[in-house]
1. Between Thr132 and Val443, what length in nm is gained on full extension when 0.36 nm per residue of separation is reduced by their alpha carbon distance?
2. Put +1 on the Cβ of every Lys and Arg and -1 on every Asp and Glu Cβ in the chain; which of Ile171, Asn313, Ser67 then has its Cα farthest towards the positive end of the dipole?
3. How many angstrom lie between the C-alpha centres of segment 337-355 and segment 81-150?
4. Rounded to a whole number, what is D in µm²/s for segment 235-296 from Stokes-Einstein with the Kirkwood radius over alpha-carbon pairs (25 °C, 0.890 mPa s)?
5. With every protein chain kept in place and ligands, DNA and RNA left out, what is the accessible area per residue of segment 235-296? Probe 1.4 Å, answer in Å².
6. Ignoring ligands, DNA and RNA, what percent of the 1.4 Å accessible area of the chain is carbon and sulfur?
7. Please arrange Ser306, Ser321 by accessible surface area, largest first, computed with a 1.4 Å probe and ligands excluded.
8. Taking the simple approach of a point 7 Å from Cα along Cα-to-Cβ for both Lys81 and Thr157, what is their distance in nm?
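The values are calculated or read from the model by the stated rules, or taken from the named source; none is laboratory data. Computed from a prediction, not measured in an experiment: that's the story for all the values here. Cβ sites come from the backbone with ideal geometry, for glycine too, and all protein chains shown count toward neighbours. The accessibility values were calculated without ligands, DNA or RNA, using every heavy atom of the protein model including side chains. Shrake-Rupley method; radii C 1.70, N 1.55, O 1.52, S 1.80 Å.
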Amino acid sequence: MRQDAPTHPSEPVTLAVIGCGQRGKAYTEYALRESANFKVVAIAEPRPKTRKNFKDAHLIDQTLVFSTWQELHEASAQTLKTIGTRLADAIIIAVQDHMHLEVVLAFAEQGYHMLCEKPMSTNVADCINVETAVKKAGIIFGIGHVLRYSPYTKAITKIIRSGSLGQLINIVHVEPAGYYHFAHSFVRGQWAREKESCFSLMTKSCHDIDILCHWLSPGTPTRVSSFGSLQHFRKASKPAAAGSATRCLECPLEHECAYSAKKIYLEPVQQDITWPASTIIDGIPDIENVTAALRNGSYGQCVYESDNDVCDNQVVNLEFSNGATASFTMVAQTSLMCERQTRMHFAFGEIVGDMRTFTVTDFRTRETTKHSPKDEGGGHGGGDLGLIQSFIEAVRTRRQELLGTDVTEVLRSHLTVFAAETSRLEGRVIDCVAFEKEAREKVAAL
């Protein structure tokens, strides 16, 4: 078990980043802004241009730049063996979801504190094994449930905890994934097929289920039901006039299609807008390399000719141990990309919010006030920045509680997501307590 002194306030917390893509970059922007607080000192990234750009941005010594996490792990093992120190205080794990367990196990054994991008892993047993490894190592553990850490969410949470509106009885929460965002990530992208990643409620919305659990704590989920399907992004929805075209660049209807890869990737680059094109190539996107990606890769495929299989709409109903209830909807077909809509119903009032602003109505005074928490920058309404700041301070002080959660609570919200998907597949209400008990017993018996 890791037992060492807190990092001195005058020294930056040092991090190694495993996976320098979109999420790895998002978490480490803070290091470029506040280099006195933390510094990236080592990376592992297989794509050469992405690796070089990240190295140059953070001024990382070439001897600590690796192509694979295994190479970084071996270098760390040698350093521990020869001089008894790790390469960094902590690691950020931002690799593909199915890789999380093996990376967590390897670096937990070496005693690294870690921030793992969501989800913990892609199946129940692996998530339980992550919890076991983290607890055994005695390390600080953060998860990419960034919604908890935005100024907007913190302000709402403060009102809930104050009790000023009485008991929180019900929450209605909607995640509008966004029509072209869903097509990018969950039809053409890395989360399109469950066997290669996980079901979409987990990969897209596990932090939404987590925030519901957070808001309704100390109550815990007792029962869950769920319904959902893949409605639109399948061959049956393909316009007849598109004919046999399987790629946007050869399709006669490309100019009028909402999911045109040319509109989503090429045209924004022409206007110096790099997302989402920056996620489909190695390096900085330009007309030539994006066009090549659309001609040869999955991101140029027709959304009705892709081999995706994850739900594009799903609802979840939750009952909590304190009697409260919550409903959650994830839907692809909307222009409100990730702009979550939330209604909270209390004994003496309500909160209605949209991730930027929220109103509080007090039934007793019949007054409504509007709140506009300051967005301090970064993705998810400042949640990305809020999480990395909390993680760095937790590592610096060796205080897990500064993250507002721990690995067991993280696991429980993941198990709630798995229970919801089980309900969807089996058509029955799932007892969350029994589901967790059975899952732990199965893993223990292995």
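1. Values: separation 311, 0.36 × 311 = 111.96 nm, distance 1.07 nm.
Taking Thr132 through Val443 to full extension adds about 110.9 nm, to one decimal.
2. Of Ile171, Asn313, Ser67, it is Ile171.
3. 32 Å
4. It comes out at roughly 200 µm²/s.
5. The answer is 55 Å² per residue.
6. Reported share for carbon and sulfur atoms: 53 percent.
7. On the way: Ser306 25, Ser321 70 Å².
I get Ser321, Ser306, largest accessible area first.
8. Output for this residue pair reads 4.2 nm.
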